[in-house]
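Since the structure comes first, as C-alpha coordinates, the remarks are kept for the end.
The values are calculated or read from the model by the stated rules, or taken from the named source; none is laboratory data. This structure is a prediction, so every number in the text was calculated from the model and none was measured. Glycine gets a Cβ as well: all are built from the backbone with ideal geometry, and neighbour counts include every protein chain shown.
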Amino acid sequence: YKSADGLLKLDLEAGSHPISLGGKRAYLLGYNGQVPAPRLEAQAGDTVRIRFTNNLTQPTNLHYHGLHVTPTGNADNPFLEIPPGESLTYKFTIPKNHRSGTYWYHPHHHGYVAEQVFGGLAGLFIIRGELDEIAEIQAAKEEFLVLQDFALDRNGRIQSPNHMDMMMGREGELLTVNGQIKPTFSIASGGLLRLRFLNASPSRFYRLALENHPFYLVATDGGALAEPVEFKELLLAPGERAEMLVRGEREPKQYRLLNLPYNRGGMEMMEDEMGMMGDSSHMMGGKSQVNPQILATLTYQGFVSTLPLPKQLIPVETLPEPKTVRRLELSMEEEMAPGMGMSFTFNGKAFDPNKINTQVQVNTVEDWELVNVDLDRMDHPFHLHVNPFQVILRNGEPEPYRAWKDTVLVRGGETVRIRIPFRDFPGKTVYHCHVLDHEDLGMMGIVNIQ
Ligand code: C2O
Ligand code: CU
Ligand code: CU
(Lines give C-alpha, C1' and ligand atoms only; values in the text may rest on other atoms or scores of the structure.)
(Ligands and ions follow the chains in the order given, each with its own letter.)
Protein backbone atom coordinates (compact mmCIF):
# COMPACT_ATOMS: atom_id res chain seq x y z
CA TYR A 1 0.00 0.00 0.00
CA LYS A 2 1.55 3.27 -1.14
CA SER A 3 0.41 6.81 -0.69
CA ALA A 4 -0.79 8.74 -3.72
CA ASP A 5 -1.21 12.52 -3.93
CA GLY A 6 -0.12 12.92 -0.33
CA LEU A 7 -2.65 10.43 1.07
CA LEU A 8 -2.14 6.90 2.33
CA LYS A 9 -5.61 5.43 2.49
CA LEU A 10 -6.62 1.88 3.26
CA ASP A 11 -8.96 -0.47 5.05
CA LEU A 12 -7.32 -2.73 7.57
CA GLU A 13 -8.91 -5.63 9.38
CA ALA A 14 -7.48 -7.71 12.22
CA GLY A 15 -8.74 -11.26 12.43
CA SER A 16 -7.92 -14.91 12.84
CA HIS A 17 -7.02 -16.68 9.60
CA PRO A 18 -5.63 -20.02 8.44
CA ILE A 19 -2.26 -19.26 6.85
CA SER A 20 0.26 -21.57 5.26
CA LEU A 21 3.55 -21.66 7.20
CA GLY A 22 6.25 -23.87 5.78
CA GLY A 23 3.65 -25.89 3.88
CA LYS A 24 1.52 -26.45 7.00
CA ARG A 25 -1.70 -24.81 7.98
CA ALA A 26 -1.38 -22.42 10.90
CA TYR A 27 -4.15 -20.50 12.62
CA LEU A 28 -2.62 -17.09 13.09
CA LEU A 29 -3.79 -13.52 13.59
CA GLY A 30 -3.38 -11.33 10.55
CA TYR A 31 -4.07 -7.87 9.21
CA ASN A 32 -6.10 -8.31 6.01
CA GLY A 33 -5.35 -12.02 6.30
CA GLN A 34 -1.60 -11.54 5.94
CA VAL A 35 1.36 -12.49 8.15
CA PRO A 36 3.34 -10.31 8.23
CA ALA A 37 0.83 -7.54 7.59
CA PRO A 38 0.76 -5.51 4.34
CA ARG A 39 3.68 -3.11 4.01
CA LEU A 40 2.62 0.53 4.10
CA GLU A 41 4.66 3.21 2.36
CA ALA A 42 4.34 6.95 2.68
CA GLN A 43 6.41 10.12 2.55
CA ALA A 44 7.05 13.00 4.91
CA GLY A 45 4.10 15.41 4.71
CA ASP A 46 1.57 12.72 3.78
CA THR A 47 -1.74 12.21 5.53
CA VAL A 48 -2.59 8.69 6.69
CA ARG A 49 -6.18 7.47 6.87
CA ILE A 50 -6.74 3.90 7.98
CA ARG A 51 -10.21 2.50 8.47
CA PHE A 52 -9.54 -0.23 10.98
CA THR A 53 -11.91 -3.07 11.93
CA ASN A 54 -11.39 -5.39 14.87
CA ASN A 55 -12.49 -8.92 14.02
CA LEU A 56 -10.56 -10.43 16.91
CA THR A 57 -12.27 -11.80 20.01
CA GLN A 58 -10.35 -9.32 22.20
CA PRO A 59 -10.03 -5.54 22.33
CA THR A 60 -7.17 -4.13 20.29
CA ASN A 61 -5.88 -0.94 18.63
CA LEU A 62 -3.05 0.20 16.35
CA HIS A 63 0.32 1.67 17.26
CA TYR A 64 2.66 3.25 14.71
CA HIS A 65 6.00 2.29 16.22
CA GLY A 66 8.74 4.87 15.70
CA LEU A 67 6.68 7.46 13.84
CA HIS A 68 6.94 11.02 15.10
CA VAL A 69 3.21 11.86 14.95
CA THR A 70 0.71 13.08 17.50
CA PRO A 71 -0.20 10.72 20.37
CA THR A 72 -3.61 12.37 20.83
CA GLY A 73 -7.00 11.76 19.19
CA ASN A 74 -7.35 9.03 16.57
CA ALA A 75 -3.63 9.01 15.83
CA ASP A 76 -0.80 7.14 17.59
CA ASN A 77 -2.82 6.94 20.77
CA PRO A 78 -2.04 3.83 22.86
CA PHE A 79 -5.03 4.50 25.14
CA LEU A 80 -7.66 3.91 22.45
CA GLU A 81 -9.66 0.72 22.78
CA ILE A 82 -11.46 -0.88 19.86
CA PRO A 83 -13.80 -3.62 21.15
CA PRO A 84 -14.37 -6.80 19.13
CA GLY A 85 -16.55 -6.18 16.09
CA GLU A 86 -16.01 -2.43 16.07
CA SER A 87 -14.22 -0.06 13.73
CA LEU A 88 -12.25 3.15 14.05
CA THR A 89 -10.75 5.49 11.47
CA TYR A 90 -7.19 6.53 12.26
CA LYS A 91 -6.09 9.82 10.80
CA PHE A 92 -2.84 11.71 11.20
CA THR A 93 -0.27 13.69 9.25
CA ILE A 94 3.40 12.81 9.03
CA PRO A 95 5.42 16.01 9.61
CA LYS A 96 7.12 17.51 6.56
CA ASN A 97 10.56 17.07 8.10
CA HIS A 98 10.05 13.44 9.18
CA ARG A 99 13.09 11.23 8.63
CA SER A 100 12.81 8.40 6.13
CA GLY A 101 13.18 4.97 7.65
CA THR A 102 11.89 1.54 8.61
CA TYR A 103 8.98 1.94 11.00
CA TRP A 104 6.20 -0.52 11.81
CA TYR A 105 2.73 -1.04 13.23
CA HIS A 106 1.26 -3.50 15.70
CA PRO A 107 -1.49 -3.77 18.34
CA HIS A 108 -1.00 -1.94 21.64
CA HIS A 109 -3.86 -2.71 23.98
CA HIS A 110 -2.27 -3.22 27.41
CA GLY A 111 -2.62 -6.80 28.60
CA TYR A 112 -3.01 -8.28 25.11
CA VAL A 113 0.05 -6.99 23.28
CA ALA A 114 2.31 -10.04 23.59
CA GLU A 115 -0.47 -12.46 22.67
CA GLN A 116 -1.61 -10.48 19.63
CA VAL A 117 1.88 -9.80 18.29
CA PHE A 118 2.82 -13.46 18.86
CA GLY A 119 -0.25 -14.35 16.81
CA GLY A 120 1.36 -12.53 13.87
CA LEU A 121 -0.05 -8.99 14.01
CA ALA A 122 2.82 -6.80 12.78
CA GLY A 123 3.72 -4.99 9.59
CA LEU A 124 6.19 -2.50 8.15
CA PHE A 125 5.48 1.20 7.79
CA ILE A 126 8.10 2.64 5.46
CA ILE A 127 8.75 6.36 5.13
CA ARG A 128 10.53 7.13 1.85
CA GLY A 129 12.85 10.09 1.61
CA GLU A 130 16.40 11.33 1.65
CA LEU A 131 18.12 7.98 2.30
CA ASP A 132 16.36 6.41 -0.69
CA GLU A 133 17.75 9.13 -2.94
CA ILE A 134 21.45 8.40 -2.39
CA ALA A 135 22.76 6.95 -5.67
CA GLU A 136 24.36 3.78 -4.25
CA ILE A 137 21.32 3.07 -2.07
CA GLN A 138 19.07 3.56 -5.08
CA ALA A 139 21.17 1.14 -7.12
CA ALA A 140 21.06 -1.51 -4.42
CA LYS A 141 18.45 -4.24 -4.53
CA GLU A 142 16.03 -3.65 -1.68
CA GLU A 143 14.65 -6.45 0.47
CA PHE A 144 12.52 -6.27 3.60
CA LEU A 145 12.99 -8.93 6.27
CA VAL A 146 10.30 -9.15 8.94
CA LEU A 147 11.50 -11.56 11.64
CA GLN A 148 8.77 -13.41 13.53
CA ASP A 149 8.76 -16.56 15.64
CA PHE A 150 5.82 -18.84 16.33
CA ALA A 151 4.97 -21.70 18.69
CA LEU A 152 2.36 -23.99 17.15
CA ASP A 153 0.81 -27.20 18.38
CA ARG A 154 0.19 -30.25 16.17
CA ASN A 155 -3.03 -28.74 14.84
CA GLY A 156 -1.35 -25.52 13.85
CA ARG A 157 -2.81 -23.52 16.73
CA ILE A 158 -0.75 -21.05 18.71
CA GLN A 159 0.46 -22.57 21.96
CA SER A 160 -0.51 -20.79 25.14
CA PRO A 161 2.39 -19.70 27.28
CA ASN A 162 2.93 -20.98 30.79
CA HIS A 163 3.97 -18.86 33.76
CA MET A 164 7.65 -19.20 32.91
CA ASP A 165 7.19 -18.26 29.24
CA MET A 166 5.53 -15.05 30.35
CA MET A 167 8.22 -14.18 32.87
CA MET A 168 10.98 -14.68 30.33
CA GLY A 169 8.91 -13.44 27.39
CA ARG A 170 7.34 -16.00 25.09
CA GLU A 171 9.36 -17.43 22.19
CA GLY A 172 8.58 -19.95 19.46
CA GLU A 173 10.80 -22.51 17.80
CA LEU A 174 9.50 -21.71 14.32
CA LEU A 175 11.58 -18.85 12.91
CA THR A 176 10.17 -17.03 9.90
CA VAL A 177 11.29 -14.26 7.57
CA ASN A 178 8.33 -12.57 5.88
CA GLY A 179 6.18 -15.51 6.97
CA GLN A 180 8.49 -17.98 5.20
CA ILE A 181 10.92 -20.53 6.57
CA LYS A 182 14.48 -20.08 5.27
CA PRO A 183 13.71 -18.03 2.15
CA THR A 184 16.35 -17.14 -0.45
CA PHE A 185 17.28 -13.62 -1.53
CA SER A 186 19.46 -12.89 -4.53
CA ILE A 187 21.98 -10.12 -4.88
CA ALA A 188 21.51 -8.39 -8.23
CA SER A 189 24.41 -8.20 -10.64
CA GLY A 190 26.10 -4.97 -9.74
CA GLY A 191 26.32 -6.34 -6.32
CA LEU A 192 24.69 -4.28 -3.56
CA LEU A 193 21.86 -5.65 -1.48
CA ARG A 194 19.96 -3.47 0.99
CA LEU A 195 18.45 -5.57 3.76
CA ARG A 196 15.86 -3.85 5.92
CA PHE A 197 15.31 -5.86 9.11
CA LEU A 198 12.47 -5.63 11.60
CA ASN A 199 12.43 -7.71 14.76
CA ALA A 200 8.66 -8.21 15.11
CA SER A 201 8.98 -11.03 17.65
CA PRO A 202 7.47 -10.30 21.06
CA SER A 203 10.55 -11.51 22.98
CA ARG A 204 13.11 -13.25 20.78
CA PHE A 205 16.46 -11.55 20.20
CA TYR A 206 18.24 -12.07 16.87
CA ARG A 207 22.02 -12.01 16.79
CA LEU A 208 22.41 -11.65 13.04
CA ALA A 209 25.48 -12.64 11.05
CA LEU A 210 26.29 -13.49 7.46
CA GLU A 211 28.50 -16.52 7.24
CA ASN A 212 32.08 -15.35 6.57
CA HIS A 213 30.94 -12.04 5.16
CA PRO A 214 30.71 -8.54 6.62
CA PHE A 215 27.71 -6.27 6.29
CA TYR A 216 27.38 -2.52 6.64
CA LEU A 217 24.88 -0.78 8.85
CA VAL A 218 23.35 2.25 7.10
CA ALA A 219 20.25 2.95 9.20
CA THR A 220 18.79 2.15 12.63
CA ASP A 221 15.27 2.55 14.12
CA GLY A 222 14.91 6.22 13.35
CA GLY A 223 16.70 6.56 10.02
CA ALA A 224 20.11 6.86 8.41
CA LEU A 225 23.57 6.99 9.98
CA ALA A 226 26.10 9.60 8.84
CA GLU A 227 28.14 6.88 7.12
CA PRO A 228 28.09 3.08 6.81
CA VAL A 229 29.58 1.10 9.73
CA GLU A 230 31.01 -2.38 9.18
CA PHE A 231 29.69 -5.24 11.31
CA LYS A 232 30.41 -8.96 11.56
CA GLU A 233 27.27 -9.51 13.63
CA LEU A 234 24.44 -7.36 14.90
CA LEU A 235 22.09 -7.92 17.81
CA LEU A 236 18.48 -6.96 17.13
CA ALA A 237 16.27 -6.79 20.24
CA PRO A 238 12.46 -6.95 19.93
CA GLY A 239 11.11 -3.83 18.23
CA GLU A 240 14.46 -2.75 16.76
CA ARG A 241 15.16 -2.23 13.07
CA ALA A 242 18.40 -2.13 11.09
CA GLU A 243 19.28 -1.54 7.47
CA MET A 244 22.35 -3.34 6.20
CA LEU A 245 24.20 -3.22 2.89
CA VAL A 246 25.75 -6.44 1.63
CA ARG A 247 28.31 -6.49 -1.19
CA GLY A 248 28.57 -9.36 -3.60
CA GLU A 249 31.95 -10.66 -4.75
CA ARG A 250 33.27 -11.49 -8.21
CA GLU A 251 32.68 -15.21 -7.72
CA PRO A 252 29.19 -16.68 -7.49
CA LYS A 253 28.48 -17.45 -3.87
CA GLN A 254 25.92 -18.21 -1.21
CA TYR A 255 25.89 -16.63 2.21
CA ARG A 256 23.71 -17.97 4.94
CA LEU A 257 22.03 -15.46 7.20
CA LEU A 258 22.43 -16.82 10.72
CA ASN A 259 20.88 -16.24 14.10
CA LEU A 260 23.73 -16.84 16.58
CA PRO A 261 23.08 -17.98 20.15
CA TYR A 262 22.44 -15.21 22.66
CA ASN A 263 21.77 -15.29 26.38
CA ARG A 264 19.36 -12.59 27.51
CA GLY A 265 19.64 -13.38 31.21
CA GLY A 266 17.00 -14.56 33.66
CA MET A 267 18.74 -17.89 34.18
CA GLU A 268 18.45 -18.03 37.95
CA MET A 269 14.71 -17.57 37.86
CA MET A 270 14.43 -20.27 35.25
CA GLU A 271 16.47 -22.74 37.30
CA ASP A 272 14.33 -22.10 40.37
CA GLU A 273 11.19 -22.60 38.40
CA MET A 274 12.45 -25.74 36.69
CA GLY A 275 13.28 -27.20 40.08
CA MET A 276 9.77 -26.40 41.19
CA MET A 277 8.07 -27.86 38.13
CA GLY A 278 10.48 -30.75 37.81
CA ASP A 279 9.87 -30.61 34.09
CA SER A 280 10.77 -28.04 31.51
CA SER A 281 9.52 -29.82 28.42
CA HIS A 282 6.64 -27.41 27.87
CA MET A 283 8.71 -24.30 28.16
CA MET A 284 8.91 -22.20 25.03
CA GLY A 285 10.79 -19.15 26.29
CA GLY A 286 14.32 -18.69 27.45
CA LYS A 287 15.70 -22.07 26.43
CA SER A 288 19.34 -21.49 25.79
CA GLN A 289 20.02 -22.03 22.14
CA VAL A 290 23.44 -23.55 21.51
CA ASN A 291 23.78 -23.69 17.72
CA PRO A 292 23.42 -21.01 15.07
CA GLN A 293 20.06 -21.17 13.30
CA ILE A 294 19.67 -20.47 9.59
CA LEU A 295 17.21 -17.67 8.86
CA ALA A 296 17.69 -17.24 5.11
CA THR A 297 20.18 -17.66 2.28
CA LEU A 298 21.59 -14.92 0.07
CA THR A 299 22.79 -15.96 -3.36
CA TYR A 300 25.05 -14.01 -5.65
CA GLN A 301 25.57 -14.89 -9.31
CA GLY A 302 28.99 -13.27 -9.49
CA PHE A 303 30.95 -11.08 -11.90
CA VAL A 304 30.05 -7.71 -13.47
CA SER A 305 31.59 -4.84 -11.54
CA THR A 306 30.79 -4.49 -7.87
CA LEU A 307 29.27 -1.21 -6.79
CA PRO A 308 31.08 0.86 -4.19
CA LEU A 309 29.51 1.53 -0.82
CA PRO A 310 28.20 5.05 -0.29
CA LYS A 311 30.80 7.14 1.59
CA GLN A 312 28.37 9.59 3.15
CA LEU A 313 24.78 9.05 4.13
CA ILE A 314 22.71 11.63 6.07
CA PRO A 315 24.24 13.80 8.81
CA VAL A 316 22.85 12.99 12.28
CA GLU A 317 22.29 16.17 14.28
CA THR A 318 23.99 16.89 17.59
CA LEU A 319 21.36 17.44 20.25
CA PRO A 320 21.71 20.33 22.69
CA GLU A 321 22.56 19.69 26.34
CA PRO A 322 19.54 18.51 28.32
CA LYS A 323 17.41 20.69 30.53
CA THR A 324 16.55 17.82 32.83
CA VAL A 325 18.18 14.50 33.72
CA ARG A 326 16.03 11.67 35.04
CA ARG A 327 16.80 8.24 36.35
CA LEU A 328 14.61 5.25 35.51
CA GLU A 329 15.19 1.89 37.15
CA LEU A 330 14.11 -1.17 35.21
CA SER A 331 13.41 -4.26 37.24
CA MET A 332 11.57 -7.45 37.82
CA GLU A 333 10.52 -7.74 41.43
CA GLU A 334 9.43 -10.73 43.39
CA GLU A 335 6.01 -11.02 44.92
CA MET A 336 4.58 -7.51 45.33
CA ALA A 337 1.56 -9.02 47.06
CA PRO A 338 0.83 -12.61 48.06
CA GLY A 339 -0.28 -14.64 45.07
CA MET A 340 0.64 -11.95 42.57
CA GLY A 341 3.87 -13.60 41.63
CA MET A 342 6.42 -11.33 40.05
CA SER A 343 6.02 -7.85 38.72
CA PHE A 344 7.87 -5.84 36.10
CA THR A 345 8.38 -2.18 36.96
CA PHE A 346 9.92 1.23 36.33
CA ASN A 347 11.18 2.83 39.55
CA GLY A 348 9.39 0.12 41.49
CA LYS A 349 5.97 0.90 40.03
CA ALA A 350 3.91 -1.26 37.72
CA PHE A 351 1.75 0.34 34.99
CA ASP A 352 -1.29 2.26 36.17
CA PRO A 353 -3.45 3.68 33.36
CA ASN A 354 -4.70 6.44 35.66
CA LYS A 355 -1.33 7.72 36.72
CA ILE A 356 1.24 9.97 35.11
CA ASN A 357 4.74 8.75 35.85
CA THR A 358 6.75 11.43 34.11
CA GLN A 359 5.92 15.05 33.36
CA VAL A 360 7.83 16.67 30.51
CA GLN A 361 7.79 20.10 28.85
CA VAL A 362 7.18 20.12 25.11
CA ASN A 363 10.09 21.29 22.94
CA THR A 364 12.76 20.61 25.55
CA VAL A 365 15.57 18.06 25.55
CA GLU A 366 16.00 15.57 28.41
CA ASP A 367 18.52 12.90 29.32
CA TRP A 368 17.11 9.70 30.75
CA GLU A 369 19.41 7.37 32.57
CA LEU A 370 18.07 3.84 32.19
CA VAL A 371 19.40 1.58 34.91
CA ASN A 372 18.74 -2.14 34.72
CA VAL A 373 18.64 -3.26 38.34
CA ASP A 374 16.84 -6.53 37.56
CA LEU A 375 17.43 -9.08 40.32
CA ASP A 376 17.92 -11.78 37.76
CA ARG A 377 20.01 -9.71 35.33
CA MET A 378 17.47 -10.03 32.56
CA ASP A 379 17.82 -7.87 29.43
CA HIS A 380 15.12 -5.23 28.90
CA PRO A 381 14.82 -3.36 25.56
CA PHE A 382 13.49 0.10 26.47
CA HIS A 383 11.12 1.79 24.03
CA LEU A 384 9.61 5.28 23.94
CA HIS A 385 6.70 6.30 21.68
CA VAL A 386 6.55 9.39 19.44
CA ASN A 387 9.96 10.93 20.21
CA PRO A 388 13.07 9.20 18.86
CA PHE A 389 16.28 9.62 20.87
CA GLN A 390 20.03 9.15 20.69
CA VAL A 391 22.10 6.93 22.94
CA ILE A 392 24.74 9.09 24.64
CA LEU A 393 26.51 6.74 27.06
CA ARG A 394 26.48 3.03 27.80
CA ASN A 395 28.03 2.20 31.19
CA GLY A 396 29.76 5.57 31.04
CA GLU A 397 31.30 4.97 27.59
CA PRO A 398 30.26 7.07 24.59
CA GLU A 399 28.55 5.15 21.75
CA PRO A 400 30.84 4.48 18.77
CA TYR A 401 28.51 6.25 16.29
CA ARG A 402 25.53 8.58 16.49
CA ALA A 403 22.14 7.17 15.54
CA TRP A 404 18.41 7.74 15.96
CA LYS A 405 16.73 5.05 18.04
CA ASP A 406 13.33 4.41 19.57
CA THR A 407 14.21 1.10 21.21
CA VAL A 408 17.46 0.50 23.05
CA LEU A 409 18.70 -2.62 24.75
CA VAL A 410 19.57 -2.24 28.44
CA ARG A 411 21.33 -5.45 29.46
CA GLY A 412 21.27 -6.87 32.97
CA GLY A 413 23.31 -4.56 35.23
CA GLU A 414 23.79 -1.90 32.54
CA THR A 415 23.22 1.86 32.66
CA VAL A 416 22.32 3.53 29.37
CA ARG A 417 21.92 7.29 28.99
CA ILE A 418 19.64 8.48 26.18
CA ARG A 419 18.99 12.06 25.00
CA ILE A 420 15.41 12.80 23.95
CA PRO A 421 14.12 15.86 22.15
CA PHE A 422 10.39 16.10 22.97
CA ARG A 423 9.38 17.95 19.83
CA ASP A 424 6.15 19.24 18.34
CA PHE A 425 3.52 17.13 20.07
CA PRO A 426 2.01 17.65 23.52
CA GLY A 427 -0.03 14.81 24.94
CA LYS A 428 0.14 11.60 26.91
CA THR A 429 2.07 8.62 25.64
CA VAL A 430 4.05 5.66 26.97
CA TYR A 431 7.45 4.08 27.37
CA HIS A 432 7.86 0.37 28.05
CA CYS A 433 9.94 -2.75 27.79
CA HIS A 434 9.62 -4.24 24.29
CA VAL A 435 9.71 -7.78 25.62
CA LEU A 436 5.96 -7.57 25.28
CA ASP A 437 5.13 -9.95 28.10
CA HIS A 438 7.06 -7.64 30.42
CA GLU A 439 5.04 -4.71 29.11
CA ASP A 440 1.76 -6.58 29.67
CA LEU A 441 2.96 -7.52 33.19
CA GLY A 442 3.46 -3.89 34.15
CA MET A 443 6.74 -2.62 32.71
CA MET A 444 5.23 0.50 31.16
CA GLY A 445 4.97 4.11 32.25
CA ILE A 446 3.05 7.18 31.11
CA VAL A 447 4.80 10.37 30.07
CA ASN A 448 2.74 13.54 29.84
CA ILE A 449 4.22 16.15 27.49
CA GLN A 450 2.87 19.67 28.01
CU1 C2O B 1 6.41 -1.40 19.38
CU2 C2O B 1 4.76 0.61 22.41
O3 C2O B 1 5.58 -0.44 20.91
CU1 CU C 1 6.21 1.84 19.78
CU1 CU D 1 11.76 -6.51 29.86
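Within segment 352-370, not a single residue is in a loop (DSSP other than H, G, I, E, B), touching an Asp or Glu at 6+ places or on another chain (Cβ under 8 Å), under 30 Å from Asn263 (Cβ atoms) and not assigned by TED's automatic domain parsing to the domain that holds Arg204. Given the criteria among the charged types (D, E, K, R), in the same structural domain as Arg247 (by TED's automatic domain parsing), assigned to a helix (DSSP H, G or I) and surrounded by 16 or more Cβ atoms within 10 Å (Cβ to Cβ), does Asp165 qualify? Criteria met by Asp165. From Leu393, Leu409, which residue is touching a residue at least 24 places away in the same chain (Cβ under 8 Å) and either outside the structural domain of Asp437 (by TED's automatic domain parsing) or closer than 18 Å to Gly265 by Cα (or both)? Going through Leu393, Leu409 in turn, the sole match is Leu409. Restricting attention to segment 374-426, and to residues there that are surrounded by fewer than 19 Cβ atoms within 10 Å (Cβ to Cβ) and assigned to a strand (DSSP E or B), which single residue is nearest to ligand 2 (Cβ to nearest atom)? Among those that are surrounded by fewer than 19 Cβ atoms within 10 Å (Cβ to Cβ) and assigned to a strand (DSSP E or B), it is Pro421. Please find, among Arg157, Arg241, Arg170, Arg194, the residue that is touching a Pro at 6+ places or on another chain (Cβ under 8 Å) and either at pLDDT 95 or above or among the basic types (Lys, Arg) (or both). Among Arg157, Arg241, Arg170, Arg194, only Arg170 is touching a Pro at 6+ places or on another chain (Cβ under 8 Å) and either at pLDDT 95 or above or among the basic types (Lys, Arg) (or both).
The selection criterion, being more than 22 Å from Ser203 (Cβ to Cβ) and of a type in the set (S, T, N, Q), does not hold for Thr407.
Taking each residue of segment 343-357 that is over 18 Å from Thr429 (Cβ atoms) and looking for partners that are modelled with pLDDT of 95 or more and within 16 Å of ligand 2 (Cβ to nearest atom) with beta-carbon atoms closer than 6 Å, six or more apart or interchain, yields Phe344/His438; Phe344/Met443. Of the strands (runs of 3 or more DSSP E) entirely within segment 16-104, those holding at least 2 residues that are more than 16 Å from ligand 3 (Cβ to nearest atom) and among the small types (Gly, Ala, Ser) occupy 24-31.
For segment 331-370: of the residues being under 15 Å from Val416 (Cβ atoms) and buried (at least 18 other Cβ atoms within 10 Å of the Cβ), which is modelled with the lowest pLDDT? By that ranking, first place goes to Ser331. For segment 374-394, a residue qualifies if it is away from ligand 1 (no atom under 16 Å from the Cβ) and either under 16 Å from Val435 (Cα atoms) or of a type in the set (Phe, Trp, Tyr) (or both), and the qualifying residues are Asp374, Asp376, Arg377, Met378, Asp379.
Screening His380 against (1) touching a residue at least 60 places away in the same chain (Cβ under 8 Å); (2) within 21 Å of Arg99 (Cβ to Cβ); (3) within 12 Å of ligand 3 (Cβ to nearest atom) leaves a single unmet condition, (2).
Scan segment 30-53 and give yes if some residue there is out of contact with any strand residue (DSSP E or B) (no Cβ under 6 Å at 6 or more places or on another chain), of a type in the set (Lys, Arg) and in contact (Cβ under 8 Å) with a residue 12 or more places away in the chain, otherwise no. No, segment 30-53 contains no residue that is out of contact with any strand residue (DSSP E or B) (no Cβ under 6 Å at 6 or more places or on another chain), of a type in the set (Lys, Arg) and in contact (Cβ under 8 Å) with a residue 12 or more places away in the chain. Confirm whether Asp437 is within 24 Å of Ser203 (Cβ to Cβ) and either under 22 Å from the mean Cα position of the chain (by Cα) or not in a strand (DSSP E or B) (or both). Yes; evaluated as a whole, the condition is true for this residue. In segment 111-124, what residues are in a loop (DSSP other than H, G, I, E, B) and within 13 Å of ligand 2 (Cβ to nearest atom)? Ala122 - this is the single residue of segment 111-124 that is in a loop (DSSP other than H, G, I, E, B) and within 13 Å of ligand 2 (Cβ to nearest atom). Select from segment 36-89 the residues that are more than 20 Å from His432 (Cα to Cα) and within 18 Å of the chain's Cα centre (by Cα) and list them in ascending order. Once the filter is applied, which keeps residues that are more than 20 Å from His432 (Cα to Cα) and within 18 Å of the chain's Cα centre (by Cα), segment 36-89 yields Pro36, Ala37, Pro38, Arg39, Leu40, Glu41.
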